[in-house]
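Contents: one structure, followed by commentary.
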Amino acid sequence: MAGSTPSPRKSSAERFRHAALAAALAAGTASFVDGGRAQEGAQAQGKLRRYAVVADAIPESLTGAKGDPERGRAIVVNRQVGLCLLCHSGPYPEEKFQGTLAPDLKGTGARWSEGQLRLRIVDARRLNADTIMPAYYRVDGLTRVAPAFQGKPVLTAEQIEDVVAHLATLRD
Ligand code: HEC
């Protein structure tokens, strides 16, 4: 009877959908996390600002200035720009469908210094080589980057500073 047993056609279509989704996710993750070289090459080409990592932090602002927490909040909740809520949840009551793959961003400003937050956004792989979190300020060591995005970090140095300034306000 229809409905009592799944038709073979439907289940293979579903299997295909799952396989396609898994492949898309793997490709997306690979574009963020593949490769291993540090960004000296890109920095030498002048594409990224230089920064110094001290322990688990980048103590100095990438721009030399403080970011704007309001702009940073807008970047974090924007599904095209920061995409943070794909994985994270956070204190953004107006946002439906927040992520469940990563720690809640609530209280991050109390847990981490600005410098620690900066390194986590710039290149989380430096702290955890297997992380699924994208390196937001890195242009090398990536694969399958669409031509329009090649040579450009996901966020600009200014946007990184805005995000750091916002996260620093999440203190409870
Ligand atoms: C593809 C999933 C993904 C996306 C997108 C993502 N993150 Fe993460 N993030 C993680 C995971 C997973 C961790 C946990 C630590 C790890 O695996 O490196 C993490 C850790 C963090 C941490 C440290 C949190 C803690 O309390 O330990 C901060 C801060 C952070 N992310 C901020 C952001 C911001 C801001 C954005 C957007 C600009 C973002 N993340 C986008 C997956 C993601």
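The values are calculated or read from the model by the stated rules, or taken from the named source; none is laboratory data. Keep in mind that this is a model prediction, so the values were computed, not measured. Reconstructed Cβ throughout: ideal geometry from the backbone, glycine too, with neighbour counts over all protein chains shown.
Results for (1) within 15 Å of the ligand (Cβ to nearest atom); (2) at pLDDT below 95; (3) polar (S, T, N, Q); (4) within 20 Å of VAL154 (Cβ to Cβ), shown as yes or no for each residue.
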site: GLY41; (1), (2), (3), (4): no, yes, no, yes
site: GLY46; (1), (2), (3), (4): no, yes, no, yes
site: VAL54; (1), (2), (3), (4): no, no, no, no
site: ALA74; (1), (2), (3), (4): yes, no, no, yes
site: VAL77; (1), (2), (3), (4): yes, no, no, yes
site: VAL81; (1), (2), (3), (4): yes, yes, no, yes
site: CYS84; (1), (2), (3), (4): yes, no, no, yes
Say whether the condition of being among the charged types (D, E, K, R), more than 9 Å from the ligand (Cβ to nearest atom) and surrounded by fewer than 19 Cβ atoms within 10 Å (Cβ to Cβ) is met by at least one residue in the range 95-103.
-> yes
Is there a residue being farther than 14 Å from ILE58 by Cβ, surrounded by fewer than 18 Cβ atoms within 10 Å (Cβ to Cβ) and at pLDDT below 90 anywhere in the range 156-172?
-> yes
Residues in the range 104-116 that are over 12 Å from CYS84 (Cβ atoms) and surrounded by 16 or more Cβ atoms within 10 Å (Cβ to Cβ): how many?
-> 6
Note down all Cβ pairs under 9 Å where the first residue falls in the range 70-82 and is under 14 Å from GLU94 (Cα atoms), the second is within 10 Å of the ligand (Cβ to nearest atom) and small (Gly, Ala, Ser), and they're at least six residues apart or on different chains.
-> ALA74/GLY82; VAL76/GLY82; VAL76/GLY90; VAL77/GLY90
Restricting the range 54-65 to residues that are touching a residue at least 60 places away in the same chain (Cβ under 8 Å) and part of a loop (DSSP other than H, G, I, E, B), which is farthest from ASP123 (Cα to Cα)?
-> ALA65
Yes/no for VAL139 being touching a residue at least 60 places away in the same chain (Cβ under 8 Å) and under 15 Å from LEU167 (Cα atoms) | no
Within the range 70-88, residues being over 20 Å from ASP123 (Cα atoms) and surrounded by 13 or more Cβ atoms within 10 Å (Cβ to Cβ) number 2
Just checking, how many residues over the range 138-172 are more than 10 Å from the ligand (Cβ to nearest atom), of a type outside the set (D, E, K, R) and part of a loop (DSSP other than H, G, I, E, B)?
-> 11
Those residues of the range 138-149 which are on the phi < 0 side of the Ramachandran plot and loosely packed, with under 12 Cβ neighbours inside 10 Å amount to THR143, ALA146, PRO147, ALA148
Residue check, LYS152 over 29 Å from LYS47 (Cα atoms), modelled with pLDDT under 95 and surrounded by fewer than 16 Cβ atoms within 10 Å (Cβ to Cβ) | no
